[in-house]
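As structure tokens, the structure follows; a few thoughts come after it.
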């Protein structure tokens, strides 16, 4: 309290009432995979498809990352973090030799600074120098038909006008290397760079996907990104199809995804099943081989067929990217408490396998969320379960609702730390959390006809005795009754005789 020493009117601002808790975002996906270009092992935020293509390039052969991100935005996704792996030493760089004035020899080699297919659009024109001095020439660098750099009055000799020295100091597009021996004067003409290629996953290992949190590599680097709520690694299936990793390596990466989500406690892994499996095989893989058990992961099957602009025809892709978009769309239109199922998959042409009801009966109890095609109703996600054996965490919307409530309370009560631990603080904390849960109940996320039936908040002397306060702790017990999805709808129909007295 300030000291008042002279008579007068004083105005003070004081804290009054409880501080509101704002709900955190629930639909931010993270994708890990192979791309044609872009920053490696760096979580990069993209909010639309154009941002992704400008940063990481278009669709790449042997990769599902672009298809997953495209399907995410197509199905309603709004923001995503992309982590590019497999970029170290596995991406060819476009280059070309500039011929010398002496026939049969090369003056020097020109290479693109940026690896990948973008270098294939670069061309270099050798023209007479503007000054016309002997031994000088002009180097014009073009990207497509557009001139991007010009180096005039450069030479192949030693000195500050040496073409390699000038280009190294000034160019952001090309680099010059000696073809053989010293640089030679080039012949007038134009050469186009070639040989740049997309990321070739020849050296990608499970470790590349898993990464290291200290070095911020792989999806372990996503520990530093608190906004992420969904994790997908679609290109795990791409390297598995190409034989770069085996089934055990695939399962090792998926187990690491599950461990990452359980460690963070605020995100859910979206797993893909291996390609080419029928209903019996995917059940055997799920139950006998993989055997995953986690309330922080889900599994979707079968693969979906989408149009591939690169090949000019349709192809099968893992569904995790499209499913992540459905989660985001569901959260936006209905809320995180609504199970993200019975939703149409936009962009899906057909399925790898059309299920029967009998086959679905064998898969759903094992936590395999099936995707099914219904006549006149399109291709829909027809499952909303985690892969947990605990019945309390069977449904995906329950897990994600708890993530939302836990993270919102965590973010919205940081002001409590180091406050005096007394009855007044207990009352403020209780009012704050009560107000937030009341809004959540009114949104339809909690079960109960009244707030008392939907949740409770205890913060008083019963759970904060003197020994707890002496330890510097404030304990708040919260209980919520989440809504469960109507997974099985049963109509009981019987004959009625028309007698009003009939029972």
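The values are calculated or read from the model by the stated rules, or taken from the named source; none is laboratory data. Computed from a predicted structure; not experimentally measured. Here the Cβ is made from the backbone with ideal geometry for all residues, glycine too, and neighbour counts use every protein chain on show.
Starting from residues that are within 14 Å of the chain's Cα centre (by Cα) and assigned to a loop (DSSP other than H, G, I, E, B), keep the ones in region 26-42 and report whichever is surrounded by the most Cβ atoms within 10 Å (Cβ to Cβ).
Of region 26-42, the ones within 14 Å of the chain's Cα centre (by Cα) are 26-35, 41-42.
Checking the rest, the ones that are also assigned to a loop (DSSP other than H, G, I, E, B) come to 26-27, 34-35, 41-42.
Working: 26: 22, 27: 24, 34: 28, 35: 32, 41: 20, 42: 13.
Ranking the candidates gives 35 first.
Applying the criterion of being surrounded by fewer than 18 Cβ atoms within 10 Å (Cβ to Cβ), assigned to a loop (DSSP other than H, G, I, E, B) and in contact with a helix residue (DSSP H, G or I) (Cβ under 8 Å, 6 or more places away or on another chain) to the residues of region 43-58, the residue that is modelled with the highest pLDDT is 48. Please report, ordered by residue number, the helices (runs of 4 or more DSSP H) entirely within region 402-503 with at least 3 residues that are surrounded by 11 or more Cβ atoms within 10 Å (Cβ to Cβ), touching a residue at least 40 places away in the same chain (Cβ under 8 Å) and more than 33 Å from the chain's Cα centre (by Cα). Result: 423-442.
Test residue 295 against the criterion of being surrounded by fewer than 24 Cβ atoms within 10 Å (Cβ to Cβ), out of contact with any strand residue (DSSP E or B) (no Cβ under 9 Å at 6 or more places or on another chain) and either farther than 13 Å from residue 370 by Cα or not assigned by TED's automatic domain parsing to the domain that holds residue 81 (or both), and give yes or no. The answer is no for residue 295. In region 46-63, the residues that are free of Cβ contacts under 8 Å to residues at least 24 places away in the same chain form Cβ pairs under 9 Å with partners that are surrounded by fewer than 15 Cβ atoms within 10 Å (Cβ to Cβ), at six or more places apart or across chains, as follows: 51/45.
Check whether at least one residue in region 372-381 is crowded, with 20+ Cβ neighbours inside 10 Å and either modelled with pLDDT under 95 or under 29 Å from residue 439 (Cβ atoms) (or both), and report yes or no. Within region 372-381, one or more residues are crowded, with 20+ Cβ neighbours inside 10 Å and either modelled with pLDDT under 95 or under 29 Å from residue 439 (Cβ atoms) (or both). Where residues in region 377-401 are over 21 Å from the mean Cα position of the chain (by Cα) and assigned to a strand (DSSP E or B), which of them is nearest to residue 305 (Cα to Cα)? Only one residue fits best here, namely 379.
The rows are residues; the columns are (1) within 20 Å of residue 118 (Cβ to Cβ); (2) in contact with a helix residue (DSSP H, G or I) (Cβ under 6 Å, 6 or more places away or on another chain); (3) in contact (Cβ under 8 Å) with a residue 12 or more places away in the chain; (4) not assigned by TED's automatic domain parsing to the domain that holds residue 115.
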| residue | (1), (2), (3), (4) |
| --- | --- |
| 148 | yes, no, yes, no |
| 152 | no, no, yes, no |
| 159 | no, no, no, no |
| 162 | no, no, yes, no |
| 165 | no, no, no, no |
| 170 | yes, no, yes, no |
| 174 | yes, no, yes, no |
| 184 | no, no, yes, no |
| 188 | no, no, yes, no |
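Counting only strands (runs of 3 or more DSSP E) wholly contained in region 186-305, the ones carrying 2 or more residues that are more than 27 Å from residue 393 (Cβ to Cβ) occupy 189-192. Which one is surrounded by the most Cβ atoms within 10 Å (Cβ to Cβ) among residues in region 312-326 that are closer than 12 Å to residue 237 by Cβ and within 11 Å of the chain's Cα centre (by Cα)? Of everything passing the filter in region 312-326, 321 is surrounded by the most Cβ atoms within 10 Å (Cβ to Cβ).
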